[in-house]
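Visitor: Can you keep this structure in mind? I'll have questions shortly.
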Amino acid sequence: EELLHVIGLETTTTQKKQLQSTLTLHGRFEINPDAQSTAIAPIAGRLTLKKKTLDRIQPNDLLFTITSPDLQTRAAEITLLQQRLATFKASKIANAELEMQLKMKQSEWQALVGDATITNGVLSVYATTEGCIDTRFVNDGAWVEMGDPILNLLHDNNLRFKALLPSA
């Protein structure tokens, strides 16, 4: 019954009636190419999974978190550049090179973090669509590298059942 729920099928109770005929269809479920997506690690670090295989997900559900020393290092670099630039601005001295370095670091940060949120040095990744967790590629507590696949998400509204009908 859990499998039926995961793939989006519903069952119903039937009433007793006289059968006119029966029809058996053999077929298979097909997954459209856009029915799957893979959540990847945006940064290297220690992974904490928040969902299990076959868990239903809704938009904004927390999928996983990553605690990363690289994240803390990058945040410290941006803070240091901001402080140095503030010192120059307080002295009314322009420093185009420092401003450019800060903009580059901030752009790298935005590209790295994307839609994830960061709280106390922990990056949290949330679901953007509904569906279910099809596959977990890594175990909870594992060290992951940037770009490693974490979860495969199945968007079950893009499944279809394909069967051949006998000719009449």
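The values are calculated or read from the model by the stated rules, or taken from the named source; none is laboratory data. Quick caveat, the model's predicted, so the values are computed rather than measured. Every residue, glycine among them, receives a Cβ derived from its backbone with ideal geometry; neighbour counts consider all protein chains shown. With ligands, DNA and RNA removed, areas are computed over all heavy atoms of the protein, side chains included. Shrake-Rupley method; radii C 1.70, N 1.55, O 1.52, S 1.80 Å.
Visitor: Can you return the lysines within cross-link range of Lys105? Criterion is Cα-Cα under 29 Å, with same-chain partners fewer than 8 residues away left out.
Guide: By straight Cα distance, Lys105 reaches Lys89, Lys92.
Visitor: Still on this model: Mind giving me the nanometre distance, one decimal, between the label points for Arg84 and Ala111, set 7 Å out from Cα along Cα→Cβ?
Guide: Taking the simple label geometry, Arg84 and Ala111 are separated by 2.0 nm.
Visitor: Rounding to the nearest 20 debye, state how big the charge dipole of segment 65-119 is about its Cα centre with +1 on each Lys and Arg Cβ and -1 on each Asp and Glu Cβ.
Guide: About 280 debye.
Visitor: Helix 69-90 against the longest principal axis of the chain: what's the angle in degrees, Cα atoms only, rounded to the nearest 10?
Guide: Taking Cα atoms only, the helix is inclined about 40 degrees.
Visitor: Once the piece of chain linking Thr48 and Ala96 is laid out straight, how much longer is it, given 0.36 nm per residue of separation minus the C-alpha distance between them?
Guide: Going from the current span to full extension adds 13.2 nm.
Visitor: What part of the accessible area of segment 21-115, given as a whole %, is carbon or sulfur when the probe is 1.4 angstrom?
Guide: Heavy-atom surface of segment 21-115 belonging to carbon and sulfur, 1.4 Å probe: 53 percent.
Visitor: Ok, one more. Restricting to DSSP H runs of at least four residues, report the calculated mean residue ellipticity at 222 nm for the chain, -39500 (n - 2.57) per run over all residues, nearest 500 deg cm²/dmol.
Guide: Value at 222 nm, helices only: -9000 deg cm²/dmol.
Visitor: Above 17 angstrom, tally the Cα pairs of segment 61-168 and express them as a % of all pairs, no decimals.
Guide: 68 percent
Visitor: Follow-up question, since we're still on this one. For segment 133-164, run through the trypsin sites (Lys or Arg not before Pro) and keep only the ones in DSSP coil with at most 16 other Cβ atoms within 10 Å of their Cβ.
Guide: none
Visitor: If you average the alpha carbon positions of segment 31-83 and of segment 103-119, how far apart do those two centres end up, in angstrom?
Guide: After rounding, the separation between the Cα centres reads 12 Å.
Visitor: To one decimal place, what orientation-averaged projected area in nm² is obtained for the convex hull of the Cα set of segment 1-142?
Guide: 13.6 nm²
Visitor: Something else: Using 7 Å Cα-to-Cβ label points, what is the Ala75/Lys103 separation (nm, one decimal)?
Guide: 2.6 nm
Visitor: Quick one: compute the contact order of the chain, relative version, from alpha carbon pairs under 8 angstrom and 6+ residues apart, as a percent.
Guide: Worked out over the chain, it gives 41 percent.
Visitor: If you don't mind, there's one more thing I want to ask. Relative to the longest principal axis of the chain, what angle (0 to 90°, nearest 10) does the C-alpha long axis of helix 96-113 take?
Guide: 20 degrees
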